[in-house]
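What follows is one structure encoded as structure tokens, with my remarks underneath.
Here, each number is a calculation from the coordinates, and none is a lab measurement. Bear in mind that the values here come from a model prediction, so they are computed numbers and not experimental data. Here Cβ is always computed from backbone atoms with ideal geometry, including for glycine, and neighbour counts include all displayed protein chains.
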Amino acid sequence: MKSLLRLLLKTQHQQNRYGQAQTEKGMTLIELLIGTVMAFLIITPMLAFVVDMLNTDRREQVKANTEQDIQAAVDFIAQDLNQAIYIYDNNTIYNAATDGTGTPGIRAQLPNPTGGTPILVFWKRKQIRNAVSVDTNPTTRTLPKDCNITDKPCNDTYVRSLVAYYLVRETTLNSIWCQPSGGNGNCPSRIERYEINEGIVKNLSGITIATRYYGDGEVKNDSQKPNPAFNLAFDFSRPRNNVTNGAGFTSSEVLVNYIDHTPKGLPDTECTTALGSPTVTLPGAATPTPVSEDTLKVTDLAKTNNSFYACVDTAKNIARVTIRGNSLRRLQDSNVASSTENSAFFPTANVQVQGRGALGN
């Protein structure tokens, strides 16, 4: 009896198991299509949202990088200008003198890089550390190349140095300064810096480069000897004359790239207002004459690109420098102009500095 019952239960269990297996079915084609459509409708907006978030994050990072670069460039120029002795305004760079001499501006005496325009040009004092022997005896004194802080200590010294900042428009599409590159030719502009100095003085009464300054075999590096472009005949009382030798300039250094080059109008009296309406008393005149905006503002020759320009009051040795970057150019090969809607992509920074350098031997 027990055996019969176990046989019946076993048979019933096997029938139930086989019945369940036979009733199981997979997804139909309609169900698969519906699932695919639902997944598409859900995933596609999520992907678009993720892509938009990534693009937004990239744009914000590019804007932040450009703002930091522009501010760093302004800070560097401010430190440079702090030691300025004489700053050239627009007339002394580009125009002939109005004092009856007709002396031309110094533009032709400066470097001439392709696509470059000098904007900020000034003389300054440059410090050279541990370079002049404490011993003044010409026979026993230490040469600059031998100065050290242990057994041959030397004093610091200052030399005259001419600095020129240029706005340079890149024209080579595959250049490292034109990225991302493209076929539209909309390469960005950059700021380059040139500097020439006179070298460490060996003999104040010397009348030539060879007799007045230390030279090869006597200095540690080229920065301690006169640059080939330095003109020994330069005199601050005649700042337009003998500024350089016209050749032998050192290579430039790029200060910052991605400077905007789209035209942007500026107030007609921006420099006049910023510099406190400076005046000058002309020879033979009884009353001072206001310095014109054209004299104060130094920009490109066409005066249409105001992305890097300076307001200069030569008499007070003051310069106000403005730089406008273009972060859009980091993202695309375009020449989109600054506007109210996209102004965040064109960060601007400025600084006003009074040179505190002093004339020396």
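Assorted remarks:
- Taking the Cα centre of the chain as reference, the dipole from Cβ charges on Lys and Arg (+1) and Asp and Glu (-1) amounts to some 1200 debye.
- Highest average packing first - 314-321, 293-300, Cβ atoms within 10 Å: 293-300, 314-321
- Sites D222 and A358, calculated FRET efficiency, Cβ-Cβ separation with R0 41 Å, nearest 0.05: 0.95
- Cα radius of gyration and Dmax for the stretch 51-354 (Å): 22.1, 74
- Flagged links, alpha-carbon separation over 25 Å, of K126/K202; K225/K316; K126/K316: K225/K316
- Multiplying the residue separation of Q68 and K316 by 0.36 nm and subtracting their alpha-carbon distance yields 86.3 nm.
- Between N184 and K152, the contour length at 0.36 nm per residue exceeds the Cα-Cα span by 5.6 nm.
- Summing Lys and Arg as +1 and Asp and Glu as -1 over all other residues whose Cβ lies under 14 Å from the Cβ of P180 gives a net charge of +1.
- Length released on extending from L331 to T44, taking residue separation times 0.36 nm less the Cα-Cα span: 100.8 nm
- The simple spin-label model puts a point 7 Å past each Cα toward its Cβ; for A96 and A233 those points are separated by 2.1 nm.
- When the helices of the chain are scored as -39500 (n - 2.57) per DSSP H run of n ≥ 4 and the total is divided over every residue, the value at 222 nm lands at -8500 deg cm²/dmol.
- Using C-alpha pairs under 8 Å with a sequence gap of at least 6, the mean separation divided by the residue count of the chain gives a relative contact order of 20 percent.
- Largest mean-square fluctuation among I42, I30, I200, in a Gaussian network model of the chain whose springs join Cα atoms under 10 Å apart, belongs to I30.
- 12 Å Cα-Cα reach of K152 towards aspartates and glutamates, excluding residues that sit fewer than 8 places from it in its own chain: D135
- Karplus-derived HN-Hα couplings along the stretch 74-88 (A = 6.51, B = -1.76, C = 1.60, θ = phi - 60°), whole Hz, x at Gly and Pro: 5, 5, 5, 4, 4, 5, 5, 5, 4, 9, 5, 9, 8, 10, 7
- Relative to the longest principal axis of the Cα atoms of the chain, the long axis of helix 2-23 makes an angle of roughly 50 degrees.
- Result for the chain in a Gaussian network model with C-alpha springs under 10 Å: among A48, A73, A97, the largest mean-square fluctuation is at A48.
- Simple spin-label estimate for L301 and N55 gives 4.1 nm between the two label positions (7 Å along the Cα-to-Cβ direction from each Cα).
- Residue by residue, the stretch 161-172 carries 3J(HN,Hα) couplings of 9, 9, 10, 9, 9, 10, 9, 10, 8, 6, 10, 8 Hz when phi is fed to the Karplus relation 6.51 cos²θ - 1.76 cosθ + 1.60 (θ = phi - 60°); x denotes Gly or Pro.
- Rounded to whole Å, the principal axis extents of the Cα atoms in the stretch 83-125 read 29, 29, 14, largest first.
- Anisotropy class of the stretch 278-361 from Cα gyration tensor, a/c 1.5 cut: prolate
- The calculated FRET efficiency for N137 paired with Q79, based on their beta-carbon distance and R0 = 51 Å, is about 0.90.
- Cα gyration tensor category, rounded, prolate or oblate, for the stretch 193-348 with a/c compared to 1.5: oblate
- Cut-off under 5 Å, modelled amide H: who pairs with N245 long-range: F230, N231
- I30 versus N130: modelled label distance in nm, points set 7 Å from Cα along the beta carbon direction: 9.0
- Candidates L47, L81, L167: whichever shows maximal mean-square fluctuation once the chain is modelled as a Gaussian network with Cα springs under 10 Å: L47
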